[in-house]
Each structure stands twice: as C-alpha cells, then as structure tokens.
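Reviewing the structure listed below.
Only the coordinates and a few stated rules stand behind these numbers; no lab work does. The structure displayed is predicted, hence computed values, not measured ones. Cβ: placed from backbone, ideal geometry, glycine included. Neighbour counts: every protein chain shown.
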Amino acid sequence: MKSFAIAAALLLGLSAAGPAVAADMEVANPFMRAAPMVGGTGAAYMTIHNHGGADRLLAVEAGISKSVELHTHVKDGDIYRMRKVASLVVPEHGTVEMKPGADHIMFIGLNAPVKEGVTVPVTLKFEKAGAVVVQVPVLAPGAMVPGAAMPGGTPGGMMHHGHK
Ligand SMILES: [Cu+2]
C-alpha cells in the first residue's frame, strides 16, 4: 500500500508538470460578431480552459481576413482602447477568458462580409500545445455573450466603456 501511494503521488506530480498538449485545451463558448464591411475588422471571443502545463497563445489563423491579431483593452483615462499583444499567457490548469472589453481575437481586413448564422473556422496556435481548431459561430453585430445579442448593443462597436 505504501509503495502504491508513493507511485500515485509521483504520477500526479508528473502530470501536473508535463507540457500542455492540444487535448489539454478546452475551448468553450466561442462566438464572433457579424461584421458587414469588406476590408473592415471583426472580433471573436471564447474561453480557453487549460488542463495541462503553462502555455502561451502565440497566434491565430483564419481564412476570413488578411491578418489576425491578439488584442487586449487598456484603460486610457475613462476610455478603453484596444491594443495588440504578442501573445496571451495560458496558465497551468488556468483559464483565459476572451470577451468584449477584454482580450479578444481581431480580424483585420475582412475578405468578405461575415454574416450572422455562419460558422468561421479559426486555428489557435499555442507555443506548446500546437494547433487547435475552433468552429466559431457568428452572432449579431452587438452580441456580448455567446448565444445572445445584447439589446441596444452598438453594431460593430469598438470602444467599450467598462460595461460588465
Ligand atoms: Cu481589437
């Protein structure tokens, strides 16, 4: 019994310290806002649950735009502005919540209008876990949360004022 307990403890220790793999990345509630303008921008949001070791989201690829950037919001006086970031830290057994007014995926230079009701395949590129493909449903232009549009939401709104 004693040796079994030690072996179990070792296994737990090893799994906690192991590098993240693609299967460790659980993506929940992805959504994108419909974006009507060719050449314009679009934004996507999702929650990443990491069941493995510490990792970083380095890039996102998608066929719908000329480029894709990782963005965050920083407070500048009373206004939140978007800022490009090189990567997003994904903590060991941690969660990254991308949502309106916070971290998000930004599509720059849309190739075509992105219409509500379609699904956009997006590939997340993690430093250790590698590529993870996510099917992102497109919601109404002002959507704030997955599956629902906020009444009176600003279509294509890019500035956020600290709403919850
Ligand atoms: Cu942005």
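Here are the numbers:
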| item | result |
| --- | --- |
| Sequence-distant residues sharing a close amide H with Val136 (under 5 Å, placed H) | Val120, Val122 |
| Those aspartates and glutamates that a straight Cα-Cα span of less than 18 Å connects to Lys125, excepting residues fewer than 8 apart in one chain | Asp24, Glu26, Asp55, Glu61, Glu69, Glu92, Glu97, Asp103 |
| About the Cα centre, charge dipole magnitude for the range 15-142 (Lys/Arg +1, Asp/Glu -1 at Cβ), debye | 360 |
| The range 45-60 - phi-based ³J(HN,Hα) in whole Hz, Karplus 6.51/-1.76/1.60, Gly and Pro as x | 9, 5, 10, 10, 9, 9, 8, x, x, 4, 8, 9, 8, 9, 7, 10 |
| Equivalent ellipsoid semi-axes - Cα gyration tensor, the range 15-142, angstrom | 25, 17, 12 |
| Whole-Hz ³J(HN,Hα) from phi, Karplus 6.51 cos²θ - 1.76 cosθ + 1.60, for the range 95-106, glycine and proline x | 10, 10, 9, 9, 8, x, x, 9, 4, 7, 9, 10 |
